[in-house]
Ligand code: HEM
Ligand code: SF4
Ligand code: FES
């Protein structure tokens with residue numbers, strides 16, 4: 001297949017970027033999207049231009065580093081997969097493909113398609129932990145967990161922190177990510193001790209990082225490669241409400 | 001109070017403020033719509049028209065325990081407060097979200113498109129302008145061709161003779177209905193009541209209330225225009 005790519009090029013965080021056009025010739029439908037970019041990069045490098053910078057690591061949909069907008073959709077046209085799991089058979093000969101970074105002020109562009117998603121780490125730091133007594137390993141099944149709760153916690157824990165939810169959200173809100181990280185602990189007995197401090201801390205950190213607010217559009221759920229449900233956001237709202245009205249949120253801020 | 005203020009400082013708190021004030025306003029618009037339908041109540045020609053009597057009843061509700069018009073003004077102030085909170089929070093949230101993405105996508109293809117959810121802000125502004133116009137038209141009578149204080153039924157009939165004015169009312173009520181189609185659905189998620197059991201009812205309830213409001217509000221102006229509701 002021969003394709004035309006319009007790729008966002010931006011040499012440094014503060015530089016003004018723009019779209020540049022590249023021809024991607026001789027692309028096989030069995031290639032992954034990142035393989036295709038590798039091939040184009042080889043050619044670009046030979047021509048003496050800087051290769052297109054993009055993030056990648058596992059290339060199998062588990063590390064969450066490869067996020068980018070492909071034709072205006074986070075992770076590209078296929079549902080429930082990451083950009084690295086996308087195959088070129090999803091495109092046809094002669095297609096034009098627009099590739100640009102995830103855009104949010106909390107995700108500054110470092111270079112080309114690479115954005116800094118450390119803001120998500122800081123949201124986790126604000127509450128993504130539990131207190132346990134260390135020492136010898138506890139007996140298996142010493143703490144019974146109802147199956148539905150385990151399932152829901154596990155579904156939430158599938159979040160790979162890719163940031164597609166932020167990228168797709170019309171408000172650049174990170175509520176789906178934040179809600180998934182909170183729920184994955186709050187559904188388990190081990191996560192109960194800090195449950196409300198966690199909700200308060202993570203939501204406050206989310207706001208302080210400059211993410212937008214959720215207006216229940218549901219674009220995040222649609223974009224999420226792991227199928228995280230917006231129901232978790234509603235649960236976080238409830239926990240946050242309880243934390244605020246019982247004074248936990250105010251106490252946590254030291255005022 | 002401090003807790004409420006801490007809550008309000010967060011994005012979720014502002015959403016909750018919108019949801020609670022919005023629900024109060026929904027309660028009002030449902031009641032108001034039911035009241036309007038008194039225009040259709042048959043009248044035997046004795047005493048006041050049922051709609052006028054209903055208006056009189058609202059004005060004197062609570063009297064003589066409360067001062068005359070006391071409860072009426074209490075409700076009006078509460079509604080004004082709710083509108084104030086709703087708009088202030090909407091504005092603050094809009095500003096927050098706008099600054100969360102200052103550079104827009106070169107090419108964006110929204111994966112979820114709900115006309116109702118995307119028009120919340122502009123739809124809200126239309127509703128606001130309409131509320132001001134409507135108060136000048138039917139409450140104060142300033143922009144009414146032939147207004148008589150207390151003669152509610154006559155004012156309706158005279159006020160809806162022009163198809164242009166009926167069109168304005170229909171557009172505004174359409175905007176309100178669309179706003180609430182998303183709003184009532186959204187409110188469950190905002191207040192933390194979204195779960196599989198509620199999920200099945202969320203859309204139907206939103207559709208029923210917003211659709212019912214549209215039909216109920218559109219009925220009176222259309223009936224006047226069609227001559228079904230005529231001068232007494
Ligand atoms: C006067 C101007 C108004 C403006 C500017 C406005 C604006 C908004 C905005 C921006 C939202 C949030 C949308 C979202 O979450 O996606 C909203 C939600 C809502 N509005 Fe309004 N609105 C107005 C009037 C009204 C009125 C008159 C009612 C009721 C009759 C109403 C009821 C609601 C409800 C129930 C919600 C849902 C709250 C939630 O998302 O949980 N609004 N409005
Ligand atoms: S919730 Fe989904 S889209 Fe958002 S960061 Fe986690 S995996 Fe990515
Ligand atoms: S490279 Fe790891 S998820 Fe795509």
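Values quoted throughout were computed directly from the atomic coordinates according to the rules given, and no laboratory measurement underlies them. This one's a predicted model, so the numbers in the text were calculated from it and none came from an experiment. Counting neighbours? That spans all protein chains shown, and the Cβs are built from the backbone with ideal geometry, glycine included.
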Requested in this report: State all residues of the range A:202-232 that are within 7 Å of another protein chain (Cβ to nearest Cβ) and in a helix (DSSP H, G or I); if no residue qualifies, say none.
Outcome: A:203, A:204, A:207, A:219, A:222, A:223, A:231
Requested in this report: Report the residue count in the range A:52-63 for those that are touching a strand residue (DSSP E or B) at 6+ places or on another chain (Cβ under 6 Å) and more than 16 Å from ligand 2 (Cβ to nearest atom).
Outcome: 2
Query raised in the report: Among the residues of the range A:35-51, is there at least one that is in contact with a strand residue (DSSP E or B) (Cβ under 7 Å, 6 or more places away or on another chain), in a loop (DSSP other than H, G, I, E, B) and crowded, with 17+ Cβ neighbours inside 10 Å?
Result: no
Report summary line: Taking the range A:56-104 and keeping residues under 17 Å from residue A:35 (Cβ atoms), within 13 Å of ligand 3 (Cβ to nearest atom) and at the interface with chain B (Cβ under 10 Å from one of its Cβ atoms) leaves A:70
**Report entry** Only listed residue being closer than 21 Å to residue B:100 by Cα and away from ligand 1 (no atom under 16 Å from the Cβ), chosen from A:12, A:90
**Finding:** A:12
Query raised in the report: Given the range B:135-232, what helices (runs of 4 or more DSSP H) lie entirely inside it while holding 2 or more residues that are farther than 22 Å from residue B:54 by Cα and away from ligand 2 (no atom under 16 Å from the Cβ)?
Result: B:163-190, B:196-225
Query raised in the report: Given the conditions (1) more than 16 Å from ligand 3 (Cβ to nearest atom); (2) part of a loop (DSSP other than H, G, I, E, B), and given that residue A:198 satisfies all but one, which numbered condition is not satisfied?
Result: (2)
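Each row is one residue, and each column tells you yes or no for (1) out of contact with any strand residue (DSSP E or B) (no Cβ under 7 Å at 6 or more places or on another chain); (2) more than 22 Å from residue A:171 (Cα to Cα); (3) surrounded by 15 or more Cβ atoms within 10 Å (Cβ to Cβ); (4) away from chain A (no Cβ under 14 Å).
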residue: B:14; (1), (2), (3), (4): yes, no, yes, no
residue: B:42; (1), (2), (3), (4): yes, yes, no, yes
residue: B:56; (1), (2), (3), (4): yes, yes, no, yes
residue: B:68; (1), (2), (3), (4): yes, yes, no, yes
residue: B:73; (1), (2), (3), (4): yes, yes, no, yes
residue: B:79; (1), (2), (3), (4): yes, yes, yes, yes
Query raised in the report: Can you pull out the residues in the range A:183-228 that are under 16 Å from residue A:150 (Cβ atoms) and in contact (Cβ under 8 Å) with a residue 12 or more places away in the chain?
Result: A:183, A:184, A:185, A:186, A:187, A:188, A:189, A:190, A:191
**Report entry** Hits in the range B:21-38 - residues which are without any contact (Cβ under 8 Å) to a residue 40 or more places away in the chain and surrounded by fewer than 17 Cβ atoms within 10 Å (Cβ to Cβ)
**Finding:** B:27, B:31, B:32, B:35
Report task. Mind counting the residues in the range B:98-129 that are touching a helix residue (DSSP H, G or I) at 6+ places or on another chain (Cβ under 8 Å) and within 29 Å of residue A:97 (Cβ to Cβ)? Result -> 6
